[in-house]
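As structure tokens, the structure follows; a few thoughts come after it.
No lab work stands behind these numbers, since they all come straight from the coordinates. Please read all numbers here as calculations on a predicted model, not as lab measurements. All Cβ positions, even for glycine, are placed from backbone atoms using ideal geometry, and neighbour counts span all protein chains on display.
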Amino acid sequence: MPQPLASQRPEWHALDGERVRELLRTPDSGLTAVEAEERLSDYGANALPVAPPTPWWRVLARQFVSPLIAILAIAAAITAAQQHWVDTAAIGMVLALNAALGFAQERKAEHDVRALQSLASTNALVLRDGVEHVIESAALVPGDLVKLESGAQVPADLRLIAVNGLSIDESMLTGESIAVAKGADPVAADAATGDRLSLAFSGTFVTSGRGTGIVVATGAETQLGAISGLVVGRASKTPLQKLTHALERRIGLIVLATIVFVFGVGLLSGYAVDEMFRTAVALAVATIPESLPIILTVAMSVGVSRMARRGAIVRTLPSVETLGSTTVIASDKTGTLTQNRLTVEQLWTAHGFESPTGPLSDLALQTLRGGALTNEAQRGHDGTLHGDAVDVAMAEAALATGAVHETERAADPVAHTPYEPQLRYSQTVRRRADGRSVLYVKGSPETLAAMSTSLWGEENGYSPGRVLEANETMAQEGLRVIAVAFRVLEPHEDATAALADPAGLTLLGMEGMADPPRPDVAAAIADCRRAGVAVKMITGDHPITAEAIARRLGIETSSPPLTGAEIAVLSDDELAARLTKTNVAARVSPQDKLRIVRILEDGPDTVAVTGDGVNDAPALRAAAIGVSMGRSGTDVAREASDLVLTDDNFTTIVHAIEQGRVTFAAIRKATFFLLSNGVAGVVALSINLILDQPLIFLPVQILWINLVTCGIQDIALALEPAEGRELHRPPRSRTEGVLSRTLWIRTFVTGVWMGAFVVLVYGWALHQGYDDQRARSLAMVTFVLFNFFQVGSARAEYKSLFALSPFRNKVLLATAVGAVVLLWAVMSWPVSAELLGLTQLSWAEWLGAGAVASTVLIIVELEKLARHMRGASR
């Protein structure tokens, strides 16, 4: 056997059928069984490579790769080495809970969207040894002769050698909603995928007609396999992951600097090495936001639950936040923005244009009737019409308006010729109630205008130019236009002869069809625009069709659509510049769409890609977040995506964007609370050492504040609901970290304020003659009450705390009050008080500490008010 022929990769669509037979050594009787077995051994099974599911242990291991988790593990090891088992157990619980939540969510999401693994049909009708056989499509090999029939799924890439009215739905590959009429003649070698009319692609569906083709590619060598190959690769990190890693590195430097500073100052102040080592380690643990990983997990898990209630399944936790930072949605048209079905939207007759949804003239009804009577749409077992999208649309419109009855439409015709691409029309002879036969013809307006001698209802003489002018007007609106004509046969005229020469027709009118937008999509796009998110439509449709749909959806179209032909000759810089000026790309291949997404991602944008077809899968994989359709979407698209819309509703994306922003806001608030308290601890201990006072906090007290007091409340902050107007603010900049510049300033101002006042309270207590234990107790109560008020101020980045109900986040209210009550209980019980080195305080001391701690709330509220006034004055 020579080198496998597929490796030669000729342009099969450009070759003559006989040349294809010669290259693939395919006789008229098909391959022999022996030849088929040999080629199967050479080429392998006709199946796409399928990635195995992620092992559970790998999903679990992924939960421990964060630098913050590594810092936590080191902290646990240090506390274990010091034999502080309570601290070790507390940190270990945080590690375990974080891993359990992340593991459970990823496994559940993988189960929810598990792909069906294959788009290949189960069986194929193949000619071998001169006999037709039904075999598993996996056994097909290059050179096999395959028969196609209406309703069949194409089992491999085929070079068609004979067709009879063959139309194939290729929307899953090209994104074009209208079925493609196929032929057996060669086409240009450089023809785009959607224009390779002599090929039938694996995974597509036959909508009407019949055909025979030679298998030219199987498995990974097919067009479907090439697209699947683009999906393979490591997914890029989400914006949140990048920001979190940057924050972790910054925290690591702060921790190192803190340890060195405190340890050095303590030694210079005369403290023992052992004591300062324990203090420095405790302060390092306090500075590390141990609960940040679990905050991220909790906040995103809450976002996952909220999104699921709105019809979106999240496959990976970071995807929750990514939509919140999205600046561009690159959306497929067919099946995403539109319904992936044709409907009659406009009619034209001698009376002019009419809408099928309004009152119709008799001329319009006769046009609809004629379109339904030369029609191959069949009613299936489910009661719906099936077949070519044009036939289904015309039949549905005629039935809905009463232009024809189902019994008349479904009756067997006297004679029929299906649509032929070379003729550009189909025709049917029907018997009327009076016994006369009528020839109905539908097809290209240009063809039928030339075949007609009159226009039904026209009194001023027939003008083909008027028909063509109306056709141009409808085409400019992105409509697929079909003309309908008829002729009453003479009493003894043979029906078959009439089909052979359908001349002398009377043109009834024309029907304009389009793939209608999904309900509420236009409003969702308007919401995106208000939220600062640009929507770019990327489709395989004709530029005129794409531009017309974009206008109907409210997508800005001041610049002409970008086309695949343009993309091929533009450099990356030129394409990037072009993308800033246009929101519509048409006649693009999957490779073009992938390139567009990568160029947008290389710029300042965070890109979400939506789609449902195999052609969308590479771009779904490459984008910051891929969003696929759960109902209409293909398994390949769902497998490549991060978010699956179970309701196939583009509007759900807007809700997801809002929830993503709410989720990130909750993470940001909790991070601000954690870091401000960490700063307060560093400031308090540093000033304490510089002033050469007795140690303000024992290591166990620092760990109590960090792990118990802060650790409870910051997790509850992750449950904080929306402040409101999330979609009225622009997306945050990609260069902006987890904390904004404003929150960093607020973090350091409040942290320094709290730390300084805790030292002042401690110094005052010592000056009043308090012993070290009582003074530490008062300082610790002050610090915990500072946390109580600070967590309240952290609930809203923009709004005043006093504009929020305390019961909006009942968990936070309970944990904030509970942290204070728990400290009081620990101080009141002699055993726990002795363990923590604390003592009971009077109510007057508690009230005094509360008055001091409430000042942090005043500081934050004044800052919010000043910022609000500055914004209002602009």
Can you list which of the trypsin sites (Lys or Arg not before Pro) found in segment 604-658 are DSSP loop residues with at most 15 other C-beta atoms within 10 Å?
-> ARG631
Would you mind counting up the charge near ALA395? Only other residues with Cβ under 13 Å from its Cβ, with Lys and Arg at +1 and Asp and Glu at -1.
-> -2
Chymotrypsin sites (Phe, Trp or Tyr not before Pro) in segment 772-874 lying in a DSSP loop, each with at most 13 other Cβ atoms within 10 Å of its Cβ, come to PHE807
Using the 10 angstrom Cβ neighbour count as an exposure proxy, how do THR539, THR222, THR407 rank, fewest first?
-> THR407, THR222, THR539
Burial ranking of peptide ranges 156-166, 603-613 (average Cβ count within 10 Å, highest at the top) | 603-613, 156-166
Considering only GLY371, LEU489, SER355, whose Cα is most displaced toward the positive end of the charge dipole of segment 343-514, charges sitting on Cβ of Lys, Arg (+1) and Asp, Glu (-1)?
-> LEU489
Candidates for Rg and Dmax of the Cα atoms in Å are (1) 32.5, 105; (2) 35.6, 125; (3) 35.7, 110, and the calculated one carries label (2)
With unit charges on the beta carbon (Lys/Arg positive, Asp/Glu negative), name the residue among THR417, SER437, THR343 whose Cα is farthest towards the positive pole of the charge dipole of segment 343-514.
-> SER437
Fewest-first sequence of CYS528, CYS710 by Cβ atoms within 10 Å of each Cβ = CYS528, CYS710
Separation of segment 813-837 and segment 735-755 by C-alpha centroid, Å?
-> 29
Would you tally the net charge around THR742, using a Cβ to Cβ cut-off of less than 12 Å, leaving THR742 out, and scoring K and R as +1, D and E as -1?
-> +4
Segment 434-477: GluC sites (Glu not before Pro) in DSSP coil with no more than 10 other Cβ atoms inside 10 Å = GLU459
Estimated dipole of segment 343-514 in Debye, rounded to 20 [Cβ of Lys and Arg +1, of Asp and Glu -1, Cα centre] = 200
Could you please report the charge total around ASP129, scoring K, R as +1 and D, E as -1 over all other residues with beta-carbon less than 13 angstrom from its beta-carbon?
-> -4
Could you work out how far helix 843-853 tilts from the main Cα principal axis of the chain, as a 0 to 90 degree angle to the nearest 10?
-> 50
In what sequence, highest mean first, do 187-200, 718-731 appear when ranked by Cβ atoms within 10 angstrom?
-> 187-200, 718-731
Treat the count of other C-beta atoms within 10 Å as a stand-in for reagent exposure and order ARG250, ARG776, ARG741 from fewest to most.
-> ARG741, ARG250, ARG776
DSSP beta bridges in the chain: the antiparallel percent, rounded to 5, is 75
